[in-house]
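The structure appears below as structure tokens.
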Amino acid sequence: SKYIVCTSRPNGYGCTRPPTTPIPERCPGNFYELSYGKCIGMPFGIKVYVSFAKGESVCGEQFGSMLPSIASEKENNDYYSLVNSTIGLTSFWIGLYCDQGKWAWFDGTPFVYDNFHDNATDAVNCDVSQDYAFSFLNGQWRSEDPIMAKMSALCALQADDSVPTVSPVICDGGWVSIDGSCFYFEATTPTQHVPWNHASIECSKKDAYPPTIVSRDQNERVLLEAVHFIDGSFTSPQFWLGLQCKNGEFEWLDGTPYAYNNLLPLFADCHDFEMGYTFMGDGSWTQLAKQNGRT
């Protein structure tokens, strides 16, 4: 994002700045890049589980992508790290199938590495008469019922290599990079709560705004970072957003076009400029009077 963002919480505040070095767009919107040049997207969201066939068809039809292939121990470890760092993601489908008695990947990646789980022993030597589907769980590949089993669906495609990469060190010290913005969190005490205008003022002192969140993926990553930040200091991460209702329309304070939200259904309509919006402990957004520092 080229916009200044600030994260501000009812129990404290925090800010973000634009990256020192702009991040090039090597992946489509709502996809992000793993370290080896593969773009990963989650079309259903992290906590929605679908059949193998559903995941495969949605990846192909909507995104021109495929279920992930894994060609090395490094890639396998990167996916394992992704699972461990993403709230709500425990397992997902992979694009492995049996082709004329040999294992193959849907995207054409050569089958040169495997990490089958013990429950997949009978499937190590593939049989075209069997209907296989495999999930990735705890770093291993498990044999699953392709019809009855439900997993998260990740879609994978190659990053645009024509766009140059940049140094991963793009934020100042004390700031955390989350999908193109540098977030800074600062808490006061568990009993001290900050109203919206105070949070906005504190952010402006840092030449920033209360935060804009532009995608489901960024929303999940902000939640994860907030959970790590509080580290038991508060019951749940809650902070003000830079979202406001003006003339019957939602808009972001920093001027970012309004295209994504995670508002609870009760607050999905824009009615009152005097209301602010907060990021809740489960990643959803709710409405709160601006003068109120409590959620």
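Tabulated values for the structure
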| quantity | calculated |
| --- | --- |
| Beta bridge orientation in region 31-158: antiparallel %, DSSP, nearest 5 | 90 |
| Tail beyond 16 Å, pair distance distribution of region 31-158 (Cα, percent) | 59 |
| Restraint check, 38/150; 47/206; 74/102; 205/246, Cα-Cα greater than 31 Å | 47/206 |
| Likely footprinting exposure, 222, 58, fewest C-beta neighbours within 10 Å first | 58, 222 |
| Amide N proximity, region 137-164 versus residue 116 label position 7 Å along Cα-to-Cβ, cut-off under 13 Å | 141-144 |
| Ascending count of other beta-carbon atoms within 10 Å, so fewest first, for 240, 105, 196 | 105, 196, 240 |
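Where a number appears in this text, it was derived from the coordinates with a stated rule and is not lab data. What you see is a predicted model, and the numbers here were worked out from it, not measured in a lab. We place every Cβ from the backbone using ideal geometry, glycine too, and count neighbours over all the protein chains shown.
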